[in-house]
Amino acid sequence: MSVTHLLRRRALRVLAHVPTSLLLAWLFETFFLIVLALTDGYDVARSGEVFRVVLTFVVLTAIFSLVHLLFADRRRLAFGVTFALFLVFIVVNVARVSTMGSFDYGFVRDHGPEILSPLGLRIVVTELKIGGAALLFLPPLVIAFALVKRPSPRWRLSRRAHAAAVTVCAALLVFVVTVRISTHEALTTFAASALRFHAEARTAESAIGEDAFPHVHDFAPTPAARAIAGSDAPRPHIILLFLESHNGLFTDRLRPDGRRYTPVFDAHMAESLSVEHFYGNSVHSSRGHFATLCSLVPMYRGKEFTDLDATRFHCLPETLADAGYDTLFYSATADPTFERSDEFFHRIGFTGVTFQDELVSKEDPSFWGAGLQDDVFYKRFFGAVDEGLARSGGKPIFAVAANASNHYPFREGPSHEPDPDEPTKYRRDYVGSLSASDAWLATFFDELDCRPALKDAIVVVVVSDHSFPADEHGIHFNMIGAYEEAFRAALLLRWPGHVIPRVIRDRTASQVDLAPTIADLLGLSGKTHFMGRSLFDDDGSVSASLMVQPYDGVHLVAVRWPFKLEVHESAEQEHLYDLSRDPAEEHDIAADPENATELATLRAEIDRIRANQVLLQSGRIWPDPTL
């Protein structure tokens, strides 16, 4: 008998004692690892990856062995428990693959209610291609068939050996979850993310002083803004336009063939104040709206619109209403309940909040994807502005518009044309979508120009609600990573006859700086909780821009030009880059002693993000005036 034959017989004897559930778990884990490796090269390239993969299978073996040890003597119960465990295993792994690894407890907690909303379901259905649907439905069928056809053999163990085996498996799983050992195994990784989620607030408490409302401070207009506004000029109208998913790295930039990526935006930016290194403070529309309108860094755990009912704010709409403005928010979407948006906008001071009519939108060919097509939206928005001005009785108006056409997955437009000159499928779709949105932006300025009462007596701010990566680092999902493309946003601010067109190049700025900038131009003063700094505050100091990536294990970012510190919370890693020399963020210089002072400064800024998280959650932003 050959050696090969003997080895084969012994292998078959061993496999005969291996539970069917464990064999299936190994098989599907291998499959999902391969799929994840193909979609998440950054994660796979991490140091210690071989050990991580080995530990993944060790943990997986412990999970299914524990179930087998506990339930094998009761076959029907064993089938039910094992099949239910597999369903969770399949769903979590498919979700991880679909989100390129960012699916965790925080993702579910932040997005669970929204996923069941009409807009959330549309996004899920859009993304769940045939392959994703097959992954959700075919494996359970295969698993059920295999569990029925090949019942798992019982392990003949003494009571002592059985108890020891149960103890070892359970102890290993508890250790992996509580110590947060890094593996690819989806179930324990999800459990560990839940523990981390609830532990972070307690850790951040140490960064807060004894002041009950540390964000509250006195605000006064800067000399530069006073000179710009003039002493006798009436307060201008203000229009703020949010551009959906506009990656600021595409502004003022040429394509390979010499054409501009965003020619309309660039033309108007040349007539405006802009910032070369401008950032969105997070990665979603609601977080961008919150940062811009309330001048507060968004949360990295939880959602501002839905989780802060007990927290009082005094945001820009309320500030302007106190100064005599009529306030209006106008959305291109048709779901006011999504993230309780309608409720939040009213809460922070908008007297008028308008979403598109859902029933009418279903019959409107100009309504597709996430909302009304941009050019049609702009015409309706200015119609709403006209109505607001007619009702205002001569009061100035603060009108905010949020468009929707350039929305993930960037291919839903009825006339969508991917850009054939871009190197990847995702980038071709994104550039095609961005180009269409930029062309429709001309309608916004045309509508503005045809209203003489608004054309010159108005401050116009156009800003990204958030950025969106377009395969700059092989990433095309905004819940992954913290590279520049995850945060870099577009901005222009114009007030004809007052604000001189120029580009701020010597410091960074972000969305939280816009509310204090508008208040500065209007000459407002008094108490505020604004974390940002007016763009006209040029006292020579260099402040940091703060960003949060609430997914992918949480990334906290501070940029103090030209240095950028990125802290990956779940991996307990930090990376420092000099963006002036290393714009692609390829060379980590955190270990260089020459950068120790800058590193310490930026670490203190990261602590400000953690402290702000606790202040938001504990309701310590703005005091109750009745107390």
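The values are calculated or read from the model by the stated rules, or taken from the named source; none is laboratory data. This structure is a prediction, so every number in the text was calculated from the model and none was measured. Cβ placement follows ideal geometry from the backbone for every residue including glycine, while neighbour counts extend to all protein chains displayed. When the accessible area is computed, the model is the full protein with side chains, heavy atoms only, and any ligands, DNA or RNA have been set aside. Shrake-Rupley method; radii C 1.70, N 1.55, O 1.52, S 1.80 Å.
Could you check the simple spin-label distance between ASP357 and THR30, using points 7 Å along Cα→Cβ, in nm with one decimal?
5.9 nm
Using just the helices of the chain, give the 222 nm mean residue ellipticity in deg cm²/dmol: DSSP H runs with n ≥ 4 each add -39,500 (n - 2.57), and the total is spread over all residues, rounded to 500. Provide the component values of the computation, followed by the final result.
Values: 22 runs with 290 residues, N = 627.
The per-residue figure over the chain is -14500 deg cm²/dmol.
Against the globular-protein guess of 2.2 N^0.38 Å, express the Cα radius of gyration of region 271-399 as a ratio, rounded to two decimals.
On the way: Rg = 15.8 Å, N = 129, 2.2 N^0.38 = 13.9 Å.
Scaled against compact globular proteins, the figure is 1.13.
Over 5 Å intervals from 0, what percent of Cα-Cα pairs in region 398-497 sits in each interval?
Histogram of Cα-Cα distances, whole percents per bin: 2, 11, 18, 21, 16, 12, 9, 6, 2, 0.
Near ASP471, within a Cβ-to-Cβ distance under 11 Å, what is the net charge of the other residues, with Lys and Arg +1 and Asp and Glu -1?
Local charge sum for ASP471: -1.
Counting every Cα pair in the chain, what percent are over 44 Å apart?
Details: 51548 of 196251 pairs.
Counting every Cα pair in the chain, those more than 44 Å apart make up 26 percent.
Can you give the FRET efficiency to the nearest 0.05 for PHE219 and THR626, using r as the Cβ-Cβ distance and R₀ = 30 Å? Walk me through the numbers before you get to the answer.
Numbers: r = 22 Å, r/R0 = 0.74.
After rounding to 0.05, the efficiency reads 0.85.
How high is the FRET efficiency between VAL81 and SER541 when r is their beta carbon distance and R₀ equals 60 Å, given to the nearest 0.05?
For R0 = 60 Å, the calculated efficiency reads 0.50.
Stretch ASP364-LYS527 to full length: gain in nm at 0.36 nm per residue minus the Cα-Cα span? Show your work: numbers first, answer last.
Values: separation 163, 0.36 × 163 = 58.68 nm, distance 4.54 nm.
In short, 54.1 nm is gained.
What angle, in degrees between 0 and 90 and rounded to the nearest 10, separates the Cα long axis of helix 186-204 from the longest principal axis of the Cα atoms of the chain?
Taking the Cα atoms of the chain, the angle to 186-204 is about 40 degrees.
Could you tell me the convex hull volume per residue, in Å³, taken over the Cα atoms of region 531-627? It would help to have the intermediate numbers written out before the result.
Numbers: hull volume 14.0 nm³, N = 97.
Cα convex hull per residue, to the nearest whole number: 144 Å³.
Just report the Cα centroid separation between region 565-583 and region 304-375, whole Å.
35 Å
Total Lys pairs in the chain closer than 29 Å by alpha-carbon, pairs eight or more apart in sequence or interchain only?
Close lysine pairs found across the chain: 11.
Find the accessible area per residue for the chain; the probe is 1.4 Å, ligands and nucleic acids are left out, and the unit is Å². Let's see the in-between values first.
Details: 27350 Å² over 627 residues.
Here the per-residue accessible area is 44 Å².
With a/c under 1.5 counting as rounded, go ahead and sort region 429-547 into rounded, prolate or oblate using the C-alpha gyration tensor (a ≥ b ≥ c being the square roots of the eigenvalues; past the cut-off, prolate if a/b is larger than b/c, else oblate). Intermediate results must be reported in sequence, preceding the final value.
Details: a/c = 2.34, a/b = 1.16, b/c = 2.01.
The shape class here is oblate.
Cβ under 14 Å from ALA227's Cβ, ALA227 left aside: what net charge do those residues give with Lys, Arg +1 and Asp, Glu -1?
Values: positive: ARG226; negative: ASP232, ASP520, ASP537, ASP538.
That sum, taken over residues with Cβ under 14 Å, equals -3.
For the Cα atoms of the chain, what angle does the longest principal axis make with the long axis of helix 425-449, in degrees from 0 to 90, nearest 10?
On a 0 to 90 degree scale, this one is about 20.
How big is region 333-449 along each principal axis, measuring the range of its Cα positions in Å and listing the largest first?
Taking the Cα atoms of region 333-449, the three principal extents are 53, 34, 28 Å.
Of all the accessible heavy-atom surface of the chain, with the other protein chains kept in place and a 1.4 Å probe, what percent is carbon and sulfur?
Numbers: 16350 of 27350 Å².
Roughly 60 percent of what the probe reaches on the chain is carbon or sulfur.
Expressed as an acute angle from 0 to 90° and rounded to the nearest 10, what is the orientation of the C-alpha long axis of helix 596-617 relative to the principal long axis of the chain?
Rounded to the nearest ten degrees, it is 90.
Please report the antiparallel percentage of DSSP beta bridges with both residues in the chain, rounded to the nearest 5. Walk me through the numbers before you get to the answer.
Details: 30 of 56 bridges.
Percentage antiparallel, nearest 5: 55.
List, in order, the whole-Hz ³J(HN,Hα) value for each residue of region 27-35 obtained from phi through the Karplus relation with A = 6.51, B = -1.76, C = 1.60 and θ = phi - 60°; use x for Gly and Pro.
Once θ is set to phi - 60°, the couplings for region 27-35 become 4, 6, 5, 4, 4, 5, 5, 5, 5 Hz.
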